[in-house]
Each structure stands twice: as structure tokens, then as C-alpha cells.
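Visitor: This is the structure I have questions about; it appears just below.
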Amino acid sequence: MSGKTMTSAERLKSILQGKSVDRTPIAGWLHMPLVDRVIPEFVGATVQFTDENEWDFVKVMSNGHYMAEAYGADILFSTDPTQWSGTFRSYPVKSPRDLLTLPVLDKTNSALAREISVTAALVQHYQGKVPIVATLFTPLTWIQEMSSSTDPRLTREFMQRHKKALHRGLEALLSTQLNFLDGLLAAGIDGIFLASQFISGEVIGREEYHEFCRPYDQRILDYIKGRTWFNILHVHGNKRLLFDECLDYDVQAFNWEDAPYGVPDTQRSSIKAIRGLTDKIIIGGIDQHHDFSQEENNRDVIRARLQLQYQRAMQESGGNKFIFAPGCALPQDIPRDIFKLLKEVVGQSSRP
């Protein structure tokens, strides 16, 4: 470890270069449904959450429905701080015909402009000391969100029975996302968190992945090549992940649920297994659904559990190019003070 206290950006740039750091980087992200559509409140809450935990990058936790909102979905947004998802009263994609007529949106769309404004404010606040990473979902993931939210069944029907219409919809969404990226890049993002919910054998086959996912994902990554320096692919799911299909994606880091409770070793992707396949940064080590939960909310018990997870992850990763973090969003029903245990586990460090 380096003796000098680093900024978060210095810490991440050092591990990218294979250099020593003052401590293992840490990160976490949390849905904020009560404020995530109100620019000043969302920016303030994100800054507070980042600073009190000393996260080493800001994964902008945009409202998970923002693209569906941009396309005119009628949504009753959540007013429950423990529940991120709202209730759809009307989806913008109800049939293959809707896919064929899906428009291309500009970055001035109100929902997209809001997300760009939030990002720009965070970039301005941190002045390069903490990397700002914008959240984008892959085009096929957005099709799911815009047609049946987190339920993949209608999207799977499109893949199997309405391929032409689906490709047309994917092209429109891709163009919209590139327009959106123009705004995010102008705002000064350091990278993107590209999340795919169709990257597990539980929901998609390999041939389908190569037809409906990979070409569109790569065009997004090609678009930002040389314009960002810290891009993350979030491989969503906890079993039968299709890592071999995305190992060559032009990103600097992978994030996934490497140690999901109750999933057999034969079905999960361990840090050890993925480290044997790539030298990219690995972001993980924590089962966010279980590692922070304890009946008496005993910090010592939770700290001991996190310490064991940290030791395991460090051993599996070789302590090389590793960020200690959850595999997905942090739980919303846990007292937020608990998350400060991550910096205690890796060795508390004050940000300059």
C-alpha cells in the first residue's frame, strides 16, 4: 500500500496502472426513490452518501425508470424509501407495432435532461477528485423496462417471434442513448455503468445474446472509446452468467454478484474464476442481500462478516485491481450507518 493519502480518482487510476494504493478502493450505490427525480435534493443526497462512506466513485443512481419515463410511460413513482420500483399504469411498448414506431429522442427530452443536469452538478461538485459514472442500461434491458419492467417474458417473446420489430426498436433506443451520451460526455463524466439484465443463461441463450445484445452494447462502448477512462459492465444476475460472451468488452471493470447466498458454486461466477480470465478491475465481494443484515443489527457481527468477505475476495483476486463493493444496489431497508463498515474493514482513510 502507498503511504500517501490519495484522492479517489488517484486511487482508481493507480490500480488501473498496476501501481500501489493507500487502501483498497470501496464503493456502494443505493436507490433514492424519494429524491431521485428532484435535481438539487438528489445531488445533495448523493454527495452526502458518497462522502460519509468515502466511496471511491459515484455511480449515479438514476431512477430505474428514467428511459421509460422519457418515452412517455405513465408511472406512479415510489414514495416508499425501501422500495425503488414504481407502478406502471401504461407502458410505451405494448406490442411489436410499438417497437416499429419507437422514436429517437434527443438529449433535451425532459427526463434525459434531468439526468444530465444531475450528473453535471456532481461533476462540478467533485472537481475530478471522485470519478462520476453515469448509469445506462443496455438497449435490450430498456426494451424490457419499457414493456414489462423487470419481467423478461414479453421481451423474450419479441426475441423469438418478432425479430424485425425488435431490431427496429433496439436501433431507435441505441440512437437515443447515443444522444443522451452526448449530454453526459459534455457534462464531464468519467465513465458509464452499463447494466445488462440479459447476460445470464437464466433469461437468454448465447445465440440470442449475439443477435440482440452484443452488437448494440459494443456500439455504445465504441461511441465513448477514448472519451472516458473508467467504464464498468454490470453483469446482472446471480447464476449462469455469460461472462465468456463479454470478457472482451472495452470496459475497465466488471461488477456482478460473485458470492450470492444459497447459489451453488457450480452456478455462480466466483472472483477467483473471473480473475483467471481477465486482468480488468473486479468490483464485488459482498452479498448485498445478506451481508448487511443481522437480527439485532449488531455492528460487530456485521463487521466480522464483511471482514471475512473482504479477506476471501482479496485472496481470490490476488489483491490486484479489486474494489470492495456490493454486486448490485445496496439494500434500502438497512440503517445507512451500517454501510460505513466498509471503510472500517479496508482501513479508514480521510479524503483530502
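Table: residues versus (1) part of a loop (DSSP other than H, G, I, E, B); (2) free of Cβ contacts under 8 Å to residues at least 40 places away in the same chain; (3) of a type in the set (Val, Ile, Thr); (4) farther than 14 Å from Phe339 by Cβ.
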| position | (1), (2), (3), (4) |
| --- | --- |
| Leu30 | yes, no, no, no |
| Gly44 | no, yes, no, yes |
| Val47 | no, no, yes, yes |
| Gly64 | yes, no, no, yes |
| Ser85 | yes, no, no, yes |
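Visitor: Sort out which residues of segment 182-215 are open to solvent by less than 10 Å² (accessible area, probe 1.4 Å), under 26 Å from Met159 (Cα atoms) and within 19 Å of the chain's Cα centre (by Cα), and write them in order of number.
Guide: Phe193, Leu194, Ala195, Ser196, Phe198, Ile199, Ser200, Cys213 - these are the residues of segment 182-215 that are open to solvent by less than 10 Å² (accessible area, probe 1.4 Å), under 26 Å from Met159 (Cα atoms) and within 19 Å of the chain's Cα centre (by Cα).
Visitor: So which pairs qualify, if the first residue must be in segment 167-184 and over 17 Å from Arg214 (Cα atoms), the second must be hydroxyl-bearing (Ser, Thr, Tyr), the Cβ gap must be under 8 Å, and the two must be at least 6 apart or on different chains?
Guide: Taking only residues 6 or more apart or on different chains, the pairs are Leu181/Tyr223; Leu184/Thr119.
Visitor: Cβ-Cβ below 6 Å, separation at least six or inter-chain, first residue in segment 321-339 and closer than 19 Å to Ile15 by Cα, second of a type in the set (Ser, Thr, Tyr) and open to solvent by less than 20 Å² (accessible area, probe 1.4 Å): which pairs?
Guide: Hits for this filter: Phe324/Thr24.
Visitor: If Leu99 satisfies every condition in (1) part of a helix (DSSP H, G or I); (2) farther than 30 Å from Phe324 by Cβ; (3) in contact with a strand residue (DSSP E or B) (Cβ under 6 Å, 6 or more places away or on another chain) but one, which is the exception?
Guide: For Leu99, the failing item is (3).
Visitor: Could you pull out the residue among Asp244, Asp279, Asp337, Asp291 that is open to solvent by 20 Å² or more (accessible area, probe 1.4 Å) and part of a loop (DSSP other than H, G, I, E, B)?
Guide: Working: Asp244 fails: part of a loop (DSSP other than H, G, I, E, B); Asp337 fails: part of a loop (DSSP other than H, G, I, E, B); Asp291 fails: open to solvent by 20 Å² or more (accessible area, probe 1.4 Å).
When all the criteria are applied, what remains is Asp279.
Visitor: Then there is this: Quick one: Ile274 ticks every box in (1) open to solvent by 10 Å² or more (accessible area, probe 1.4 Å); (2) of a type in the set (A, V, I, L, M, F, W, C); (3) over 22 Å from Lys225 (Cα atoms) except a single one, so which number is it?
Guide: With (1) open to solvent by 10 Å² or more (accessible area, probe 1.4 Å); (2) of a type in the set (A, V, I, L, M, F, W, C); (3) over 22 Å from Lys225 (Cα atoms) applied to Ile274, the lone miss is (1).
Visitor: Shifting gears a bit: Inspect segment 301-316 for any residue being part of a loop (DSSP other than H, G, I, E, B) and either out of contact with any Leu (no Cβ under 6 Å at 6 or more places or on another chain) or basic (Lys, Arg) (or both) and give the result as yes or no.
Guide: First, the residues of segment 301-316 that are part of a loop (DSSP other than H, G, I, E, B): none.
So far as segment 301-316 goes, no, none of its residues is part of a loop (DSSP other than H, G, I, E, B) and either out of contact with any Leu (no Cβ under 6 Å at 6 or more places or on another chain) or basic (Lys, Arg) (or both).
Visitor: Which numbered condition in (1) buried (at least 18 other Cβ atoms within 10 Å of the Cβ); (2) touching a residue at least 40 places away in the same chain (Cβ under 8 Å) is the only one that Phe254 fails?
Guide: Just one mismatch for Phe254, condition (2).
Visitor: Quick one: count up the residues across segment 294-319 that are aliphatic (A, V, I, L, M) and either over 21 Å from Leu342 (Cα atoms) or open to solvent by 70 Å² or more (accessible area, probe 1.4 Å) (or both).
Guide: Total meeting the criteria: 1.
Visitor: Could you say whether any residue in segment 212-232 is modelled with pLDDT under 95 and hydrophobic (A, V, I, L, M, F, W, C)?
Guide: Scanning segment 212-232 turns up no residue that is modelled with pLDDT under 95 and hydrophobic (A, V, I, L, M, F, W, C).
Visitor: With the requirement that a residue be in contact with a Ser or Thr (Cβ under 8 Å, 6 or more places away or on another chain) and open to solvent by less than 20 Å² (accessible area, probe 1.4 Å), what does segment 257-271 give you?
Guide: First pass over segment 257-271, keeping only residues in contact with a Ser or Thr (Cβ under 8 Å, 6 or more places away or on another chain): 258-259, 271.
Hits for segment 257-271 are Asp258, Ile271.
Visitor: Here's another thing I want to ask about it. Mind listing whichever residues of segment 191-235 are small (Gly, Ala, Ser) and in a strand (DSSP E or B)? Even if it seems obvious, please write down each step before you answer.
Guide: Initial filter on segment 191-235 (small (Gly, Ala, Ser)): 191, 195-196, 200-201, 205, 226.
Gly191, Ala195, Ser196, Ser200, listed by residue number.
Visitor: Same structure again: Among the residues of segment 38-81 satisfying the criterion of being under 15 Å from the mean Cα position of the chain (by Cα) and among the charged types (D, E, K, R), which is most open to solvent (accessible area, probe 1.4 Å)?
Guide: Applying the filter and picking the extreme gives Lys59.
Visitor: Identify the single condition in (1) open to solvent by 10 Å² or more (accessible area, probe 1.4 Å); (2) closer than 27 Å to Asp287 by Cα; (3) not in a loop (DSSP other than H, G, I, E, B) that Arg11 does not satisfy, given that it satisfies every other one.
Guide: That leaves (1) as the condition not met.
Visitor: Something else: Thr5 fails exactly one of the following numbered conditions: (1) out of contact with any strand residue (DSSP E or B) (no Cβ under 6 Å at 6 or more places or on another chain); (2) part of a loop (DSSP other than H, G, I, E, B); (3) modelled with pLDDT of 95 or more; (4) polar (S, T, N, Q). What is the number of that condition?
Guide: Checking Thr5 against (1) out of contact with any strand residue (DSSP E or B) (no Cβ under 6 Å at 6 or more places or on another chain); (2) part of a loop (DSSP other than H, G, I, E, B); (3) modelled with pLDDT of 95 or more; (4) polar (S, T, N, Q), the one that fails is (3).
Visitor: Here is a check on your reading of the model: is Arg89 in contact with a Leu (Cβ under 7 Å, 6 or more places away or on another chain) and open to solvent by 30 Å² or more (accessible area, probe 1.4 Å)? Talk me through it step by step, then tell me what you get.
Guide: Values: in contact with a Leu (Cβ under 7 Å, 6 or more places away or on another chain): yes; open to solvent by 30 Å² or more (accessible area, probe 1.4 Å): yes.
Yes, satisfied.
Visitor: Please work out if Gln127 is open to solvent by 30 Å² or more (accessible area, probe 1.4 Å), under 25 Å from Ile283 (Cβ atoms) and not hydroxyl-bearing (Ser, Thr, Tyr).
Guide: Details: open to solvent by 30 Å² or more (accessible area, probe 1.4 Å): yes; under 25 Å from Ile283 (Cβ atoms): yes; not hydroxyl-bearing (Ser, Thr, Tyr): yes.
For Gln127, the condition - open to solvent by 30 Å² or more (accessible area, probe 1.4 Å), under 25 Å from Ile283 (Cβ atoms) and not hydroxyl-bearing (Ser, Thr, Tyr) - is met.
The values are calculated or read from the model by the stated rules, or taken from the named source; none is laboratory data. Remember, predicted model here, so these are calculated numbers, not experimental data. All Cβ positions, even for glycine, are placed from backbone atoms using ideal geometry, and neighbour counts span all protein chains on display. Just so you know, the surface numbers come from the protein's heavy atoms only, side chains and all, with ligands and any DNA or RNA stripped out. Shrake-Rupley method; radii C 1.70, N 1.55, O 1.52, S 1.80 Å.
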